[in-house]
Amino acid sequence: MLVDVLAGDSSSPAAWGSFHFARSPQAGEEIEIDGTVVVVTRAWHRPSIYYQGAKFAILVEEPVADAQVRPEVRDHADMAV
């Protein structure tokens, strides 16, 4: 699902871009976008048969944290690489 992401204050949010999600994010949910964890403050459907693009939008607040979790890689002898 293509979702428009807006960031900042609800009175004058800045467009962050359009991103694909497996399902629509809900208000209060923490999501990761481009390595940054943010909280969804508002989510709404924008139906339009004339608008080619995202039919769903979310508003996110300031970043909670940078997502820098890297998976541990092990070789065939179970040694960390």
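The values are calculated or read from the model by the stated rules, or taken from the named source; none is laboratory data. Since the structure is predicted, the reported quantities are computational estimates derived from the model, not experimental observations. Positions of Cβ are generated from backbone atoms using ideal geometry, with glycine treated the same way; all protein chains shown enter the neighbour counts. Ligands, DNA and RNA are excluded from the accessible area calculation, which covers all protein heavy atoms including side chains. Shrake-Rupley method; radii C 1.70, N 1.55, O 1.52, S 1.80 Å.
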Practice item. Might you report the magnitude of the Cβ-based charge dipole of region 2-61 about its Cα centre, with Lys and Arg at +1 and Asp and Glu at -1, to the nearest 20 debye? Key: 340 debye
Review point. Ser12 versus Ser24, label points 7 Å from Cα toward the beta carbon: distance in nm?
Key: 2.9 nm
Practice item. Hey, could you get me the Stokes-Einstein D for region 2-61, Kirkwood radius over alpha-carbon pairs, 37 °C and 0.692 mPa s, rounded to whole µm² s⁻¹? Key: 281 µm²/s
Review point. What accessible area per residue, rounded to a whole number of Å², is obtained for region 2-61 using a probe radius of 1.4 Å?
Key: 61 Å²
